[in-house]
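One structure is given below, encoded as structure tokens.
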Amino acid sequence: PFLPKIDGSFFKESPLVSVQKGKVVNVPFVSGNMLDEGTLFSFGQTDVTTSQEFRDWVKDTFSLPLSDSEMDDLLKLYPADITQGSPYET
């Protein structure tokens, strides 16, 4: 896990301690981290087991007007070989 390095300059104390003391600027932001979150959304898709089934599923589910070339690019990013892992370690 990522933990900030208390360097005495940028981080003078633990960010948690700063928040608890109210020593932070009130700026909203969104933060998150999830490794391979795509797998979570695929649990209900047990009938998609081939590249052709994936092509059909994407076109049917998202109603995207993708060309064959664009689908080829998508399949390169999301290969059928699970040993290659998710792209960008998502």
Which whole-Hz ³J(HN,Hα) couplings does the range 56-68 yield from phi under the Karplus relation 6.51 cos²θ - 1.76 cosθ + 1.60, θ = phi - 60°, glycine and proline marked x? 4, 4, 4, 5, 6, 6, 9, 6, 8, x, 8, 6, 4
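P4: net charge of surrounding residues, Cβ under 13 Å, Lys/Arg +1, Asp/Glu -1, itself excluded?
Working: positive: K5, K12; negative: D7, E13.
My count for the surroundings of P4 gives 0.
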Order V58, V25, V19, most accessible first, counting only protein heavy atoms with a 1.4 angstrom probe. V25, V19, V58
List the lysines whose Cα lies under 25 Å from the Cα of K76, skipping any in the same chain that are fewer than 8 positions away. K59
Where labels lie 7 Å past Cα in the beta-carbon direction, separation of K76 and L3 in nm: 4.2
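The values are calculated or read from the model by the stated rules, or taken from the named source; none is laboratory data. As the structure is a computational prediction, the values presented were derived from the model and not from experiment. Positions of Cβ are generated from backbone atoms using ideal geometry, with glycine treated the same way; all protein chains shown enter the neighbour counts. The protein model used for the area step is the full one, side chains on, heavy atoms only, and it has no ligands, DNA or RNA in it. Shrake-Rupley method; radii C 1.70, N 1.55, O 1.52, S 1.80 Å.
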